[in-house]
């Protein structure tokens with residue numbers, strides 16, 4: 001069935017639900033109708049697919065969605081030990097129910113087309129039929145696009161290679177030497193876990209910077225401002241961790257004491273049995289775990305031609321969620337709205353600015 005609605009929110013994670021909340025609250029007076037399309041079979045966004053050992057005590061931060069605190073569904077008996085893959089989906093499911101958000105699942109938004117060259121409606125082709133919309137809030141995040149850099153010899157490696165997205169438990173690597181690649185928070189968390197059960201090697205492109213002091217709100221704003229400046233200039237968003245540094249938790253202090261955080265520079269080649277550096281040094285490894293991050297999942301928007309020559313998308317609006325070349329389209333989870341708190345603020349900005357645009361203001 002070919003259906004029409006004012007706004008389609010694509011994705012029902014943190015940013016998609018935040019946008020839905022504000023569209024419900026702000027769009028009622030303007031007569032704006034919307035739907036939220038989610039490809040997953042159940043609530044939870046990318047959190048439902050995280051590894052079991054990722055508990056609420058080890059996640060970087062699960063920020064409350066607007067209008068409903070996380071503690072409404074948190075297990076009060078041992079809140080910090082609850083697996084994030086269980087707690088966050090429960091929270092999202094209750095949030096959808098409480099605010100009667102019109103989430104449709106599982107519905108995959110395959111492609112978004114524009115027949116009128118950035119004027120008039122857009123067509124969202126889904127596996128449930130086409131949907132004609134006047135505006136889009138894209139909140140597909142990054143989980144669907146794990147990034148693994150290309151290295152010479154990778155196809156000849158006889159061991160196992162996997163990405164953070166594929167990780168489940170450290171016990172499966174017992175007795176094997178694991179090479180962990182990457183300098184982000186997930187990399188050091190998984191390195192800590194795996195190094196407790198087997199031998200590891202850690203490599204990064206740049207020397208990691210650890211911080212002993214708590215991360216302040218001022219530093220957070222400064223880090224977000226740097227990312228925001230990049231996307232406003234049409235550059236690809238950078239890593240926030242490269243600005244903020246890695247928090248040195250008690251677990252990571254212990255890992256450092258047992259030598260697990262002894263870092264090596266990136267290798268130059270993958271061999272059938274391991275890796276080799278430019279000076280001829282080789283190391284035999286059984287597993288390569290790529291903790292090398294993700295890229296924004298935006299392939300379905302390709303027909304809109306949003307990217308510039310350098311691969312970035314020029315953003316505008318109060319919190320840089322609006323595509324400068326197409327005010328009908330807002331991107332959440334891209335640039336400064338990529339964090340959980342940024343997703344909340346971005347959801348409100350995207351909803352209010354899109355409503356104003358559709359109302360001709």
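The values are calculated or read from the model by the stated rules, or taken from the named source; none is laboratory data. Predicted model only: the values in this text are computed from it and were never measured. Virtual Cβ from ideal backbone geometry, glycine too; neighbours counted across all protein chains shown.
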Flag if residue 110 is assigned to a strand (DSSP E or B), in contact (Cβ under 8 Å) with a residue 60 or more places away in the chain and surrounded by fewer than 17 Cβ atoms within 10 Å (Cβ to Cβ):
yes
Among 169, 200, 164, the single one that is at pLDDT below 95, under 28 Å from residue 253 (Cα atoms) and not assigned by TED's automatic domain parsing to the domain that holds residue 45 is 169
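For every residue, the table says whether it meets (1) within 22 Å of the chain's Cα centre (by Cα); (2) crowded, with 17+ Cβ neighbours inside 10 Å.
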{"site": "167", "(1), (2)": "yes, yes"}
{"site": "176", "(1), (2)": "no, no"}
{"site": "184", "(1), (2)": "yes, yes"}
{"site": "190", "(1), (2)": "yes, yes"}
{"site": "200", "(1), (2)": "no, yes"}
All but one of (1) in contact with a strand residue (DSSP E or B) (Cβ under 9 Å, 6 or more places away or on another chain); (2) part of a helix (DSSP H, G or I); (3) under 30 Å from residue 181 (Cα atoms) hold for residue 92; which doesn't?
(3)
Could you pull out the residue among 312, 333, 346, 360 that is surrounded by fewer than 17 Cβ atoms within 10 Å (Cβ to Cβ) and either in a loop (DSSP other than H, G, I, E, B) or within 18 Å of the chain's Cα centre (by Cα) (or both)?
360
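Rundown of residues vs (1) part of a loop (DSSP other than H, G, I, E, B); (2) under 24 Å from residue 278 (Cα atoms), yes/no style:
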{"site": "144", "(1), (2)": "yes, no"}
{"site": "148", "(1), (2)": "yes, yes"}
{"site": "152", "(1), (2)": "yes, yes"}
{"site": "155", "(1), (2)": "no, yes"}
{"site": "171", "(1), (2)": "no, no"}
{"site": "189", "(1), (2)": "no, no"}
{"site": "198", "(1), (2)": "yes, no"}
{"site": "203", "(1), (2)": "no, yes"}
{"site": "208", "(1), (2)": "yes, yes"}
When you go through (1) buried (at least 17 other Cβ atoms within 10 Å of the Cβ); (2) under 27 Å from residue 44 (Cα atoms); (3) in the same structural domain as residue 282 (by TED's automatic domain parsing) one by one for residue 159, which number turns out not to apply?
(2)
So for the range 231-240 (the condition being outside the structural domain of residue 333 (by TED's automatic domain parsing), touching a strand residue (DSSP E or B) at 6+ places or on another chain (Cβ under 7 Å), surrounded by 21 or more Cβ atoms within 10 Å (Cβ to Cβ) and within 30 Å of residue 277 (Cβ to Cβ)), does at least one residue qualify?
no
List every residue pair whose Cβ atoms lie under 9 Å apart, where the two residues are 6 or more positions apart in sequence or sit on different chains, the first residue falls within the range 77-101 and is at positive phi, and the second residue, located anywhere, is crowded, with 18+ Cβ neighbours inside 10 Å and modelled with pLDDT under 90.
none
Checking 17, 56 in turn, the sole residue that is over 17 Å from residue 328 (Cβ atoms), at pLDDT 95 or above and either under 20 Å from the mean Cα position of the chain (by Cα) or buried (at least 22 other Cβ atoms within 10 Å of the Cβ) (or both) turns out to be 17
Pairs where the first residue, in the range 337-361, is closer than 11 Å to residue 66 by Cα and the second is at pLDDT below 85 and not in a helix (DSSP H, G or I), C-beta under 7 Å, 6+ apart
341/63; 344/63
Which one is surrounded by the most Cβ atoms within 10 Å (Cβ to Cβ), of the residues in the range 113-134 that are free of Cβ contacts under 8 Å to residues at least 40 places away in the same chain and either within 22 Å of the chain's Cα centre (by Cα) or part of a loop (DSSP other than H, G, I, E, B) (or both)?
128
Which pairs do you get when a residue that is not assigned by TED's automatic domain parsing to the domain that holds residue 132 and surrounded by 21 or more Cβ atoms within 10 Å (Cβ to Cβ), found in the range 25-36, comes within reach of a residue that is at pLDDT 95 or above and outside any loop (DSSP other than H, G, I, E, B), reach meaning Cβ atoms under 9 angstrom, with the pair 6+ apart or on two chains?
none
Across (1) at pLDDT 90 or above; (2) surrounded by 18 or more Cβ atoms within 10 Å (Cβ to Cβ); (3) under 27 Å from residue 84 (Cβ atoms), residue 257 clears everything bar (2)
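Matching residues to (1) within 29 Å of the chain's Cα centre (by Cα); (2) farther than 28 Å from residue 126 by Cβ; (3) not assigned by TED's automatic domain parsing to the domain that holds residue 158:
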{"position": "251", "(1), (2), (3)": "yes, yes, no"}
{"position": "254", "(1), (2), (3)": "yes, yes, no"}
{"position": "257", "(1), (2), (3)": "no, yes, no"}
{"position": "261", "(1), (2), (3)": "yes, yes, no"}
{"position": "265", "(1), (2), (3)": "yes, yes, no"}
{"position": "268", "(1), (2), (3)": "yes, yes, no"}
{"position": "276", "(1), (2), (3)": "no, yes, no"}
{"position": "286", "(1), (2), (3)": "yes, yes, no"}
{"position": "302", "(1), (2), (3)": "yes, no, yes"}
Check the range 281-293 and report whether any residue there is assigned to a loop (DSSP other than H, G, I, E, B) and without any contact (Cβ under 8 Å) to a residue 12 or more places away in the chain.
yes
